[in-house]
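Each remark here refers to the structure printed beneath this line.
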Amino acid sequence: MSKFEVNGRTYAAEPKPGQCLRTFLRDLEVFGVKKGCDAGDCGACTVWIDGQPFHSCLVPAFRGEGRKVTTIEGLSKDGKLHPIQQAFHDAQAFQCGYCAAGMMMTTASAAFDQHRKDDLPHALKGNICRCTGYRSIVDALHGKSNIEDDVAGKALGASLPNPFTDAILTGQARYTMDIAIEGLLHMKVLRSPHAHARIKSVDKKKALAIPGVVAAYTWEDVPRRLFSTALHEDHLVDPDDTYMLDNVARFAGQRIAMVVAETEGAAEAGCRALQVEYEILPAVFDP
Ligand code: FES
Ligand code: FES
């Protein structure tokens, strides 16, 4: 059994073949490490390996063996926030907080020197935030406070800290994806590689034979009911023009089939095992 040191605690565990460090850590219930893009772009999964920040979704799990792995849960010491956590607290440098762990693991590392601080847009290019607009994150890194004291009778209109601040900044807050639900099934979608094609057939046999695969759906298995993806206020301005699964692909990336399985890996393997016969049609560039 391999040994991993995470936040000073030793785990004896074997990563699954091909598993990335991020998923391995989350399997150990180190849920402060977030899953975002899965592609090395968003930085929500940033952890330290021997003190250096890495996007853990890009690091094979076995590379963490024998190294010191630090996640947001290991940043504060003796119940005291790390100075970066305190700065994020004071500036309230988060909204939903999903990016905060990665932001702090990047900016608290020794590699984040003054030179990087002076060029934040470049230095933070590996950490994306969808909510804050970055202003409060920049405030945190410049030591600015955005909170006021909670004075009895004067709280209305005051800038009080989010009540979940400490949980978010220490990696203890639980997001939907961090809750282990017994019997949870996972779904993966097979998407069209073609800009325009008719789906002549989808053979599901090999997919359904994969251990853990529970079901596979194609256009023949779902209600043939059109809906609109536009969702404007007035429903009548948007045409109902989309099927959940269609027998014609009209753009590369369109949903073709869905596989439901006990694990994400089995669902992905199920998608790969689907045999789709396409009749490729000319791409349409003019409506
Ligand atoms: S999940 Fe790793 S960079 Fe987005
Ligand atoms: S606070 Fe929501 S993604 Fe950054």
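The values are calculated or read from the model by the stated rules, or taken from the named source; none is laboratory data. For clarity, every value in this text was computed on a predicted model and none was experimentally measured. All Cβ positions, even for glycine, are placed from backbone atoms using ideal geometry, and neighbour counts span all protein chains on display.
So the check is Cβ under 6 Å with 6+ separation or different chains; which pairs have a first residue in region 11-33 that's free of Cβ contacts under 8 Å to residues at least 12 places away in the same chain and a second one that's away from ligand 1 (no atom under 16 Å from the Cβ) and outside any loop (DSSP other than H, G, I, E, B)?
Between residues of region 11-33 that are free of Cβ contacts under 8 Å to residues at least 12 places away in the same chain and residues that are away from ligand 1 (no atom under 16 Å from the Cβ) and outside any loop (DSSP other than H, G, I, E, B), the close pairs are A12/K3.
Could you give every pair whose Cβ atoms fall below 6 Å, whose first residue belongs to region 173-199 and is assigned to a strand (DSSP E or B), and whose second residue is polar (S, T, N, Q), counting only separations of at least 6 or pairs across chains?
Correct list of pairs: I199/N247.
Please verify whether region 232-243 includes one or more residues that are more than 30 Å from P17 (Cα to Cα) and at pLDDT 95 or above. Write out each step before concluding.
Here is the first cut: in region 232-243, the residues more than 30 Å from P17 (Cα to Cα) are 232-243.
Going one step further and asking which of them are at pLDDT 95 or above, we end up with 243.
Yes: one or more hits.
How many residues are surrounded by 12 or more Cβ atoms within 10 Å (Cβ to Cβ) and either in a helix (DSSP H, G or I) or not hydrophobic (A, V, I, L, M, F, W, C) (or both) if we restrict to region 228-274?
Residues flagged as surrounded by 12 or more Cβ atoms within 10 Å (Cβ to Cβ) and either in a helix (DSSP H, G or I) or not hydrophobic (A, V, I, L, M, F, W, C) (or both) within region 228-274 amount to 23.
Residues G18, G66, G102, G43: which one is within 13 Å of ligand 1 (Cβ to nearest atom) and in a loop (DSSP other than H, G, I, E, B)?
Numbers: G18 fails: within 13 Å of ligand 1 (Cβ to nearest atom); G66 fails: within 13 Å of ligand 1 (Cβ to nearest atom); G102 fails: in a loop (DSSP other than H, G, I, E, B).
Among G18, G66, G102, G43, only G43 is within 13 Å of ligand 1 (Cβ to nearest atom) and in a loop (DSSP other than H, G, I, E, B).
Residue by residue, here is whether (1) closer than 30 Å to M177 by Cα; (2) hydrophobic (A, V, I, L, M, F, W, C); (3) touching a residue at least 40 places away in the same chain (Cβ under 8 Å); (4) assigned by TED's automatic domain parsing to the domain that holds D38 holds:
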site: V202; (1), (2), (3), (4): no, yes, yes, no
site: I210; (1), (2), (3), (4): yes, yes, yes, no
site: E233; (1), (2), (3), (4): yes, no, no, no
site: L245; (1), (2), (3), (4): yes, yes, no, no
site: A266; (1), (2), (3), (4): yes, yes, yes, no
site: C271; (1), (2), (3), (4): yes, yes, yes, no
site: F285; (1), (2), (3), (4): no, yes, no, no
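If the Cβ limit is 8 Å and pairs must be 6+ apart or interchain, which residue in region 40-52 that is on the phi > 0 side of the Ramachandran plot pairs with which residue that is within 6 Å of ligand 1 (Cβ to nearest atom)?
Every condition considered, the pairs that remain are G40/H55; G40/C57; G43/G36; G43/H55.
Out of A155, A93, A111, I need the residue that is away from ligand 1 (no atom under 16 Å from the Cβ), in contact with a Pro (Cβ under 9 Å, 6 or more places away or on another chain), in a loop (DSSP other than H, G, I, E, B) and small (G, A, S). Which one?
Working: A155 fails: in contact with a Pro (Cβ under 9 Å, 6 or more places away or on another chain); A93 fails: in contact with a Pro (Cβ under 9 Å, 6 or more places away or on another chain).
Sole residue among the options that is away from ligand 1 (no atom under 16 Å from the Cβ), in contact with a Pro (Cβ under 9 Å, 6 or more places away or on another chain), in a loop (DSSP other than H, G, I, E, B) and small (G, A, S): A111.
Within region 192-210, track down each residue that is under 13 Å from D246 (Cα atoms) and loosely packed, with under 15 Cβ neighbours inside 10 Å.
R198, K200, S201
In region 109-146, how many are under 13 Å from A87 (Cα atoms) and within 16 Å of ligand 2 (Cβ to nearest atom)?
Filtering region 109-146 for residues under 13 Å from A87 (Cα atoms) gives 136-146.
From what's left, within 16 Å of ligand 2 (Cβ to nearest atom): 136-141, 146.
Residues meeting the conditions: 7.
Give the residue, chosen from L231, L245, L236, that is more than 30 Å from the chain's Cα centre (by Cα) and either closer than 19 Å to K188 by Cβ or not β-branched (V, I, T) (or both).
Details: L231 fails: more than 30 Å from the chain's Cα centre (by Cα); L245 fails: more than 30 Å from the chain's Cα centre (by Cα).
Unique residue meeting the criteria: L236.
Run down E5, E29 and say which single residue is more than 22 Å from Y98 (Cβ to Cβ) and of a type in the set (D, E). Full working, then the answer.
On the way: E29 fails: more than 22 Å from Y98 (Cβ to Cβ).
So the residue among E5, E29 that is more than 22 Å from Y98 (Cβ to Cβ) and of a type in the set (D, E) is E5.
Restricting region 125-152 to residues that are among the hydrophobic types (A, V, I, L, M, F, W, C), part of a loop (DSSP other than H, G, I, E, B) and without any contact (Cβ under 8 Å) to a residue 60 or more places away in the chain, which is farthest from M104 (Cα to Cα)?
At the first step, the residues of region 125-152 found to be among the hydrophobic types (A, V, I, L, M, F, W, C) are 128-129, 131, 137-138, 140-141, 147, 151-152.
Subset that is part of a loop (DSSP other than H, G, I, E, B): 128-129, 131, 147, 151-152.
If we keep only those that are without any contact (Cβ under 8 Å) to a residue 60 or more places away in the chain as well, we get 129, 131, 147, 151-152.
Numbers: C129: 12, C131: 16, I147: 19, V151: 29, A152: 32 Å.
The extreme case among them is A152.
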